[in-house]
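The values are calculated or read from the model by the stated rules, or taken from the named source; none is laboratory data. Everything quoted here is computed from the prediction, not taken from an experiment. Cβ: placed from backbone, ideal geometry, glycine included. Neighbour counts: every protein chain shown. In case anyone asks, the SASA skips ligands and DNA or RNA and just uses the protein heavy atoms, side chains included. Shrake-Rupley method; radii C 1.70, N 1.55, O 1.52, S 1.80 Å.
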Amino acid sequence: MKTEKEKRIARVTSFVKELLAAAELDLEFRCDAEDQGMTVHLYGHDVGLVLNSGARLLYAINHILNRAFYEPGTEAFNLLVDCNDYRSRRAEELEGLARKAAEGVKESSEPYLFDPMPASERRIVHITLAEEPGVMTESEGSGLERRVAIFPAG
Amino acid sequence: MKELIEMIAKALVDSPDQVVVSEVVGEQITVLELRVAQSDLGKVIGKQGRTARSIRTLLGTAGMKLRKRFVLEILE
């Protein structure tokens with residue numbers, strides 16, 4: 001007997017396969033089960049297309065999968081799309097940028113505004129600086145324009 | 001790309017049997033017209049148009065590879 005989670009992973013797997021074929025993208029993928037969901041790892045010839053302009057296509061595919069496999073009233077199922085370890089590389093990069101920007105804000109007492117970023121990336125900046133003395137972070141703007149601001153505090 | 005829009009729309013809506021995609025092939029641009037049940041419009045458009053934008057991003061990338069331009073029109 002397959003568990004609900006295994007069935008869901010199987011449905012996502014066949015959908016992703018069909019999606020990549022229909023879009024005629026030269027990509028392969030692997031699905032890994034996680035504690036509370038799954039990660040779809042994309043790899044192959046067209047990874048450049050997935051990651052260009054701030055990984056727009058990566059986030060687009062992730063959004064489509066989230067909406068297609070959203071089941072209200074069921075237990076949390078986090079569906080993440082990744083490509084060439086973009087998520088962890090980007091997290092590291094953002095942590096570095098956040099620390100550097102925070103130092104600048106402390107020195108100048110002027111706020112610093114990041115470029116607009118998706119929610120998951122803004123979250124990394126907020127978490128990185130949550131315990132940082134002398135600064136506070138906020139998100140401002142809406143939709144595609146939503147961005148993190150670092151302010152001097154205290 | 002008709003199949004792509006069809007499969008995505010069917011996965012998003014409550015009434016997949018009412019998903020209709022027609023393709024209008026022009027010299028420069030191919031227009032994909034998507035029709036869904038009235039009650040499913042929000043599902044294919046999404047909050048602040050995010051779902052429609054995601055589908056268009058995918059369509060744009062696929063088109064770039066094929067050196068073609070695809071336009072998605074969601075008909076109301």
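Taking every protein chain into account, the accessible area of the range B:2-75 amounts to 55 square angstrom per residue (probe 1.4 Å).
For chain A, the longest principal axis of the C-alpha atoms and the axis of helix A:86-108 are separated by about 10°. A Cβ-based charge dipole, computed about the Cα centre of the range B:2-75 with Lys and Arg at +1 and Asp and Glu at -1, lands at about 460 debye. For the protein assembly as shown, with all protein chains in place and a probe radius of 1.4 Å, 49% of the accessible heavy-atom surface sits on carbon or sulfur. Across the range B:16-33, rounded Karplus estimates of 3J(HN,Hα) from the backbone phi angles (6.51 cos²θ - 1.76 cosθ + 1.60, θ = phi - 60°) give x, 5, 9, 7, 10, 10, 10, 10, 10, 8, x, 5, 9, 10, 9, 9, 10, 9 Hz, Gly and Pro being marked x.
The mean sequence distance of close C-alpha pairs (under 8 Å, at least 6 residues apart), as a share of the length of the range B:2-75, puts its relative contact order at 31 percent.
Principal-axis analysis of the Cα atoms of chain B puts helix B:2-12 at an angle of about 20° to the longest axis.
Per-residue mean of foreign Cβ neighbours for A:64-74 is 3 (Cβ atoms of other chains, 10 Å radius). Interface burial in the range B:29-57, defined as at least 30 Å² less accessible area with all protein chains than with the chain alone at a 1.4 Å probe, covers B:GLN48, B:ARG50, B:THR51, B:ARG53, B:SER54, B:THR57. A 1.4 Å probe run over chain A, with the rest of the protein chains in place, finds 57 Å² accessible per residue. The GluC sites (Glu not before Pro) of the range A:61-154 that meet both conditions, a loop assignment by DSSP and at most 11 other Cβ atoms within 10 Å of the site Cβ, are A:GLU75, A:GLU131. Converting the Cα gyration tensor eigenvalues of the range B:2-75 into ellipsoid dimensions via √(5λ) gives semi-axes, longest first, of 21, 13, 10 Å. Couplings 3J(HN,Hα) of the range B:60-76, computed from phi: x, 5, 4, x, 4, 5, 8, 6, 9, 10, 10, 10, 9, 10, 9, 8, 9 Hz, in residue order, whole Hz [Karplus 6.51 cos²θ - 1.76 cosθ + 1.60, θ = phi - 60°; x for Gly and Pro]. Net length available on complete extension from A:GLU93 to A:PHE151 is 18.9 nm, with 0.36 nm assigned per residue and the Cα-Cα distance removed. With K and R counted +1 and D and E -1, the other residues having a Cβ less than 14 Å from that of B:SER22 yield a net charge of -3. Across the range A:137-149, rounded Karplus estimates of 3J(HN,Hα) from the backbone phi angles (6.51 cos²θ - 1.76 cosθ + 1.60, θ = phi - 60°) give 10, 8, 9, 9, x, 9, x, 5, 8, 5, 9, 8, 10 Hz, Gly and Pro being marked x. Calculated mean residue ellipticity, 222 nm, the protein assembly as shown: -15500 deg cm²/dmol, from DSSP H runs (n ≥ 4) at -39500 (n - 2.57) each, averaged per residue and rounded to 500. Per the accessible-area calculation with a 1.4 Å probe, the total area buried between chain B and chain A rounds to 1900 Å². Using only Cα coordinates, the Kirkwood hydrodynamic radius of the protein assembly as shown works out to 19.4 Å.
Axis angle, to the nearest 10 degrees, between helix A:47-68 and the longest C-alpha principal axis of chain A: 70 degrees.
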